[in-house]
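What follows is a short report on a single structure.
Nothing in this text is a laboratory measurement; each read-out follows from the coordinates by a stated rule. Just so you know, these numbers come straight off a predicted model, no measurement behind them.
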């Protein structure tokens, strides 16, 4: 899911919460004001990471373009591992347009959890 800063990110809260409650692996990339304007109450600035913390498995505010590749790889891994759920990456405008060095992160295998039907039957009975 791709959302813009401010109201766009705030409109993502409901689908993020739905994905969390339904164990759906969802990745959300949100736009943010440039890093130099964070905390200045500028137009459409919102604390997206803080607001979405309760409705995501994990979220990031990218502060360095060189961390972006690793964060994206980790984001997809976290969204699918264990109990699946939503992960948000908040990317400031200046980071989006910055040039960085791509370093391929080490691939990590993720483990998905599946319901144990035998145990569920015992609990139901």
- Calculate how steeply helix 68-80 sits against the longest principal axis of the alpha-carbon atoms of the chain, using the helix alpha-carbon long axis, and give the answer as 0 to 90 degrees to the nearest 10. 20
- With the chain treated as a Gaussian network of Cα nodes joined by springs under 10 Å, which of 104, 19, 69 yields the largest mean-square fluctuation? 104
- Item | Relative contact order computed over the range 2-124 (Cα-Cα under 8 Å; 6+ residues apart), in percent | 30
- Report, in deg cm²/dmol and to the nearest 500, the calculated mean residue ellipticity at 222 nm for the chain, where each DSSP H run with n ≥ 4 adds -39500 (n - 2.57) and the sum is divided by the residue count. -9000 deg cm²/dmol
- Please give the contour-minus-distance gain from residue 122 to residue 40: 0.36 nm per residue of separation, less the Cα-Cα distance, rounded to one decimal in nm. 23.9 nm
- Query: Once you treat every alpha carbon in the chain as an equal point and sum by Debye, what is log10 I(q)/I(0) at q = 0.17, 0.21 Å⁻¹?
  - Reply: -0.87, -1.18
